[in-house]
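To start, the structure under review is shown below, and the notes come after it.
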Amino acid sequence: MEEAPHPLSPPGESQRIRAEIARFLQEERLKPKLDKLNAKRANNSIAEDDYWQQRAEYELECTPETWFRYAAKEVTRLQEVTHPVKFSHPQASGAISINAVGQSNAKPWEVGTHVLGDKPALDVACTDAKYLPIYKFLSLDVDGRSLIERAIDADQAFADALSDDSAHAAALMSAFATLPLPKVSPSSHKLAKQLYWPVQEGTYHLLAPLFSSSLAHAVYKRINDDRFSDQAKAARDARRNKEAFSGTSHDYRNLIIQSFGGSKPQNISQLNSERRGENYLLASVPPTWESPALRPPLKVDTVFSRYFERRREVRRLTEALRDFLKRVANADSNLRIRQTRAELVDDLCGEVLHFAAELQRYLEPGWSAAPDCRLNLAERCWLDPARSQSDEDFAAHRRQGDWKDEVCLRFGNWLNARLQTDQTHFGGPEALAWQAVLGSELKLLREEFDDE
C-alpha cells in the first residue's frame, strides 16, 4: 500500500524556509569563518594558496546540501533536556541528561521545574560544544514554527525546502526528529554527583541530583528583567530623584552569581551559553541580628579607612565594583555598563547612611568629645549629631553645613583609592565618565544629609 501523501504546504512557505536556512548558513556559519580567515590573510599569517584552499573548504561546508548531511549525521550527539548532567561536572560526558517537567504532585509552596508548566525552556546536552550550531539550525523559526517542530511533524514545506528528492528529504527529517530523544541508556558518571539513599535495612537507591537548567533560565530572565528593564530603570530614577513611582520595583539583596563553564560556557549547555555562564543564587540565610554593642571610632583619623571598609557588605560591594570596572575598562560605554556602575555606587552610598545611623543610634551622645577621638570636625558633626544638645560651639559648627561637603569628599577619595588597579586608574581626564557617576551619587548623598 502506498503511503498517503502529505498535504500541500502553503504557497511560498518552502521558499521562506530555504531563505532562512540560506541566511543562517551565510551569516552565522560562513561569515564568522571567513572573517577570521581574512584577518589571518591581512596579518600575513597564512599563505595565499592555503587561504584560497581553506576558503573553498568553508564555502563547501556551508552549502545547504553539505550542511544537511552533516547535521543529519551528527544530530545524534544532541538531546533536548531540562536537566543537563554537565552542571554537576563539565567532564561528566556519557552520563544521562533528562527531559522532565517536574513533579506534578508537588505541594503549592514547593518550587521546582513543575512551576514552569508543560513547556519549559529546553536546554541542549551534547558531547561537544562544536555541535551546538546544529541545534541553532533546527531552532530557526519560520512562520511561527521551528525546524525541529516541522521535522517531528513531517512538515511538507520543510521537506520541499530540504530536497527535491522526497525520499532523501524524509530521511533527513527523520534524523532531525531524533533531537528530543534520549541517546544513551540511564547511567551516571564517576564525576557526577551521586547520593546513596537508604530505603530499608541493607538496601538503598542510588540518586543522581541534577541541575534544572530550565528553571535556572526562567529565574535568570525574571531577575534580569526586574533589574535592567525600562520599568526598573524608571523606578531607580524616581527613587534617586525622590519622585513618586506608580509601578512595581523589585530588589534582590545579597544576590550572588554562580559561574558555570568559565570562559567557555557553551561547553556546559546551550542555555548556559545564552546566560553567559551566569546563574543567580538568591540569599537563603537566617537574618543577621545587629548588636548595639558598638565601639566608638577612636584613635583613627577617619572612619572610612578602618571602621567603614571592614563591614562585610561594604567589602562585597567594593570588590564587586572594582571587578566590574576592570572587566569593562576597555569596553565602549553602554547603558548596561552605566546602570550597573551607578547601582553599585548607589548601594555603597546606602551603606554609608546605614553605618552613620548605627553610630548615631547606639553610641552615647558626646562620644566624639573624648580626648582620644582624632576624627576631624566634619566627621564628628556627621556621626555625633546629638552632641549639639550639650555643646553650643559644636552645634554652631554643625549648623553651618560645610561638614556635609567635606564628608562626601572624604568618602569619594576613599572609594577612588580602594578602586585603583592597573586597569582602573582614576583621577585624570580619562576618568571623566567615572567622576561624573561618582559626582552624581555624592550629590545625592549630600541631599540625604540635608534631610537629616
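The values are calculated or read from the model by the stated rules, or taken from the named source; none is laboratory data. Predicted model only: the values in this text are computed from it and were never measured. Every residue, glycine among them, receives a Cβ derived from its backbone with ideal geometry; neighbour counts consider all protein chains shown.
Hey, among the residues in the range 39-62 that are among the polar types (S, T, N, Q) and modelled with pLDDT under 90, which one's nearest to Ala175 (Cα to Cα)?
Once the filter is applied, the top-ranked residue is Gln54.
Tell me, which helices (runs of 4 or more DSSP H) lie completely within the range 10-125 with 2 or more residues that are under 20 Å from Ser146 (Cα atoms)?
13-23, 64-74
May I ask you to list the residues in the range 110-151 that are closer than 15 Å to Arg29 by Cα, surrounded by fewer than 20 Cβ atoms within 10 Å (Cβ to Cβ), under 23 Å from the mean Cα position of the chain (by Cα) and not aliphatic (A, V, I, L, M)?
Hits for the range 110-151 are Lys130, Pro133, Lys136, Ser139.
Looking at (1) among the hydrophobic types (A, V, I, L, M, F, W, C); (2) at pLDDT 70 or above; (3) not in a helix (DSSP H, G or I), which is the one condition that is false for Trp403?
(3)
Of the numbered conditions (1) in a helix (DSSP H, G or I); (2) touching a residue at least 60 places away in the same chain (Cβ under 8 Å), Asp372 fails exactly one; give the number of that condition.
(1)
Can you tell me which of (1) surrounded by 13 or more Cβ atoms within 10 Å (Cβ to Cβ); (2) outside the structural domain of Leu363 (by TED's automatic domain parsing); (3) over 30 Å from Leu132 (Cβ atoms) is the one Val303 doesn't meet?
Against the list (1) surrounded by 13 or more Cβ atoms within 10 Å (Cβ to Cβ); (2) outside the structural domain of Leu363 (by TED's automatic domain parsing); (3) over 30 Å from Leu132 (Cβ atoms), Val303 comes up short only on (2).
Take the residues of the range 152-179 that are under 24 Å from Glu28 (Cα atoms) and assigned to a loop (DSSP other than H, G, I, E, B): which is modelled with the lowest pLDDT?
In this case the residue turns out to be Leu179.
Name the single residue, out of those in the range 155-171 being of a type in the set (A, V, I, L, M) and out of contact with any helix residue (DSSP H, G or I) (no Cβ under 6 Å at 6 or more places or on another chain), that is surrounded by the most Cβ atoms within 10 Å (Cβ to Cβ).
Ala170
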